[in-house]
Every structure is written in C-alpha cells, then in structure tokens.
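Taking it in order: structure first as structure tokens, then the write-up.
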C-alpha cells in the first residue's frame, strides 16, 4: 500500500464507518500509532515537531486516516505514568493503540488495591480497534463522591461500544461512546499525568499536555486544508479543460492563489512557534503561562483561518461542493468536524 491509495479510498472509509483491516495493518507496519513511543517498546521515538508534521501529512491524504493516527499517537503521552511491567504489556504489542476520553464522566469507587469503575464516555475515536481504553473518573471514597480524578486503563473485553457516532464528518473514526459497568481496575492500571513511574524517556511526554494536544489537532486541520486546496486546484484545472468561461476561471485562480498564500503563512507561523517552544523544552526551560496562553490563541486563530480558507473557495466550486460523495465535500466536512474540537474552538 502507498499514500496515493490511502487518498483514493477516502469515500470507502466513510461508507464503512471505519478504517478497513488492510489500512490498519499498514498503520501497524509503519508504526504510525507509535510516533512518540520509545524504541524499547517498538516505537519511532520522534520529537514533537517531526510527529506533528506527520499528522499533517497523513491528514492531507485523508482526514479520517490522519485524525485516527493523531488520536492513537496521543495515547503515547501516558507512557511515563505506568510501571515498566504495565507499560510493556500495554505498549509493546505491534497493534497497541489506546482509545479513550479525558472527560471525568465516570465514578471510580475506591477499595483495597484499586477501584470499581462505572460510567460512559463520549467521542472515543478508534474504539473499534483499541487494544486498551483509558478514561477519567471522579473518585468515590466511603460512599462520598469527591472532586478528585483518577485515570484508568481497561481491557477492551470489559468495554461496551455504543456505536452512536453520527457527526457530519470524520465518519470513519468510530468515535463512539464507550461504557463500563462495575469493572475492577487494579491500582497499577491507574495513572495520573505528571506522575512518573518508569524511565522510558521521550521529551514529548513531559511537554505541556494542553499545548501538545493543540499542536496535534492543528496539524490535522492544516493537513485537511492542504488537501482541500489541492482538490480545489484540481477542480479548477478540470473546468479549464471543460471550456468554462475564461473570466470565471481567472477570477477563481486569483482567489485560490490568495487563499494558498494565506495557508502557507499560517503553516509557517505555526511551525516557527512550535519549533521555538520545542527548543526551549529541550533545553529544560519551562514555558511560561503567558507563552502557553499565546499558543492557545494562535492554535484557535489558525484553525479559524483554515475554515475561512475553505469557505472562501467552496462557493465557487459548483455542485461538487454540495455532493456528499465528492472528495471536496468530504474534505470540507472532515475539516469542519476536526476544527470543532474543544481545543480549537473559540
């Protein structure tokens, strides 16, 4: 399989509502769920900027494909939080990938040696092939629900998938609700971000989590916008061959060039900022609250710019723009769905 084949199969992915097995096998072979996993656990051990660029490249092939690689790789940041023994069990297998939710919509009843967990969590992308599920819960002690949060890892056979994902885009991400009912989670299978329990080292894992997530999702949106611009250009060339009115083609070409220039400026600004932050982190310099806040605003502004770029062009793309099976419509829907993530909305 090659990248061109991924691009050509987007409609198939959407109609299936998931990635086919041969595409998952390709991801496992290329270790695309293990971009930030240490080599000792079979990973690529990339730095943050390298990884985010891959998120963009994969999302430029197909939005579902890129989103799932980004979400799957995101589970790599939990690696330092488990003991070595649990870490090897969760992350070493070739097909290892985590799906889950950060929202504390479950209850973990504290008992000797662990917790009994009950609850359900929305939007668990990759739920149909996850080898481990993670979820956040509020702790209940002595019959009283507290505000304390514990993160739990659970085996797939203890998880019910509700198959309720019905968004207008990213239809192949299987971002379904998951449910568990009174599942026993031993203490060693729980974790907390920032609490280090092993010496597997990758500096991505100690990078500020919110900034990591913002950068990752923005990489996806940039990839989809890049794909949108490529497909819009292809449609423009096709109309040129079809003998459409020359002045309309000329006007669209000028508009496309404007939007493409804006995209390249956004892309350059994003990677320049991310690279500076990453270099600071590598030197052991802590990023200030002001810097992190500025990055948050930058991510939201560029995500909004991506949507504007697509919207500025889509009105000139005729019936292809509103035909659900067309590539340009699918890219537009996927972009809008990705940009609706809480890390990128205003």
**Message:** Just to be sure I understand: of the beta bridges DSSP finds with both ends in the chain, what percent are antiparallel, rounded to 5?
**Reply:** 75
**Prompt:** In whole percent, what relative contact order does region 158-292 give with Cα contacts below 8 Å and a gap of six or more residues?
**Reply:** 17
**Message:** If you consider only alpha-carbon coordinates, what radius of gyration and Dmax does region 78-219 have, in Å?
**Reply:** 15.3, 45
**Item:** Distance between region 139-156 and region 72-104 - C-alpha centres, whole angstrom
**Value:** 19
**Asked** Could you list log10 I(q)/I(0) for region 1-100 at q = 0.14, 0.16, 0.24 Å⁻¹, which the Debye formula gives when each Cα is one point scatterer?
**Response** -0.51, -0.66, -1.31
**Prompt:** When a footprinting reagent is the concern and you count Cβ atoms within 10 Å, what order do 225, 134 take, fewest first?
**Reply:** 134, 225
**Asked** Stokes-Einstein D for the chain at 10 °C, 1.306 mPa s, Kirkwood Rh over Cα pairs, in µm²/s?
**Response** 75
**Asked** Using only helices, what value at 222 nm comes out for the chain when you add -39,500 (n - 2.57) per DSSP H run of length 4 or more and divide by the total residues, to the nearest 500 deg cm²/dmol?
**Response** -16000 deg cm²/dmol
**Asked** If you count the DSSP beta bridges with both ends in region 89-225, what percent of them are antiparallel, to the nearest 5?
**Response** 75
**Prompt:** Going by how many other Cβ atoms sit within 10 Å of their own, how do 101, 326 line up, fewest first?
**Reply:** 326, 101
**Asked** Percentage of Cα-Cα pair distances in region 207-339 greater than 23 Å, rounded to whole percent?
**Response** 41
**Message:** Which of 223, 106, 250 ends up with the largest GNM mean-square fluctuation for the chain, with Cα atoms connected below 10 Å?
**Reply:** 250
**Message:** Could you work out the relative contact order of the chain? I mean the mean sequence separation of Cα pairs under 8 Å and 6+ apart, divided by the number of residues, in percent.
**Reply:** 20
**Message:** Let me check against my output: what whole-number percent is the relative contact order of region 96-191, with C-alpha pairs under 8 Å and at least 6 apart?
**Reply:** 34
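Just so you know, all these numbers are worked out from the coordinates, no wet-lab data involved. These numbers were taken from a predicted model, which means no experiment stands behind them. For neighbour counting, all protein chains shown are included, and Cβ atoms are generated from backbone atoms with ideal geometry for every residue, glycine included.
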